[in-house]
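Submitted below is the structure of interest, expressed as structure tokens.
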Amino acid sequence: MIFRKAIEADIDGMFRVRMAVRENRLSDPAKVTHAICREMLQEKGAGWVCEAEGEVVGFAIVDLTQANIWALFVDPLFEKRGIGRKLHDLMVAWSFAAGQDGLWLSTGPGTRAEAFYRKAGWAATGVEENGEIRFELRRNAVKGH
């Protein structure tokens with residue numbers, strides 16, 4: 001498997017992965033467009049992909065303008081292989097190297113994502129209006145930063 005920075009040409013593969021997930025599904029897929037993804041990758045932050053045999057099987061995107069983990073998803077056929085954790089670690093390290101002191105995200109309670117972020121050292125700091133748990137990660141809480 002290959003891990004690398006995401007480019008605009010990866011967006012179709014990212015959409016395929018995003019629509020394949022079993023948890024944290026998009027309530028309205030029309031709200032996430034190619035233009036929004038392109039803006040995230042080229043203007044607001046950066047993204048990473050994991051490729052297997054030339055196909056995107058996982059991706060992560062950070063929005064530095066909001067200090068927010070915007071997306072982290074793995075194709076269900078490639079789960080439990082460490083792809084999500086590697087994408088997470090690349091994204092977090094890059095964000096802190098870019099000057100972020102902290103990051104936040106939200107995810108559904110009782111999901112595998114909740115357990116993943118807790119294990120990765122994120123602290124639950126509250127509940128969003130939509131019922132999702134808000135997590136935060138501070139630079140000084142991560143080894144090597």
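Each reported figure results from applying straightforward, stated rules to the coordinates on display, with no laboratory input. The shown structure was predicted, so the numbers you read here are calculated from the model rather than taken from an experiment. Every residue, glycine as well, gets a Cβ built from its backbone with ideal geometry; the counts of neighbours run over all protein chains shown.
Enumerate by residue number the trypsin sites (Lys or Arg not before Pro) in the range 79-132 meeting two conditions: DSSP loop (anything except H, G, I, E, B), and at most 16 other Cβ atoms within 10 Å of the site's Cβ.
Those satisfying the criteria are Lys80, Arg81.
By the gyration tensor of its Cα atoms, with a ≥ b ≥ c the square roots of the eigenvalues, what is the shape of the range 94-145: rounded for a/c under 1.5, prolate for a/b over b/c, or oblate?
Here the range 94-145 falls in the prolate category.
Also, quick follow-up: When the chain is modelled as a GNM with alpha-carbon springs shorter than 10 Å, which of Val56, Val92, Val32 fluctuates the most?
Val32
Ok, one more. Filter the GluC sites (Glu not before Pro) in the range 3-105 down to the DSSP loop ones having no more than 10 other Cβ atoms within 10 Å, then list what survives.
Glu53
Distances longer than 19 Å among the Cα atoms of the range 2-100: what percent of all pairs is that?
Pairs farther apart than 19 Å: 36 percent.
Let me ask another. So, with +1 on the Cβ of K and R and -1 on the Cβ of D and E, and no other charges, what is the size of the charge dipole of the chain about its Cα centre, to the nearest 20 debye?
520
Now, a different point. In which sequence would Ile7, Ile83, Ile2 go, from the one with the fewest C-beta neighbours within 10 Å to the one with the most?
Going from sparsest to densest Cβ surroundings: Ile2, Ile7, Ile83.
Just want the answer: with Cβ charges of +1 for Lys and Arg and -1 for Asp and Glu, which residue in Ala141, Val17, Thr111 is farthest toward the dipole's positive end in the chain?
Looking along the dipole axis, the top candidate is Ala141.
Which residue fluctuates the most in the chain, going by a Gaussian network model with Cα springs under 10 Å, if the choices are Leu77, Leu105, Leu87?
Of Leu77, Leu105, Leu87, the most mobile in the Gaussian network model is Leu77.
Between Ala93 and Glu8, 0.36 nm times their residue separation minus their Cα-Cα distance comes to what?
28.4 nm
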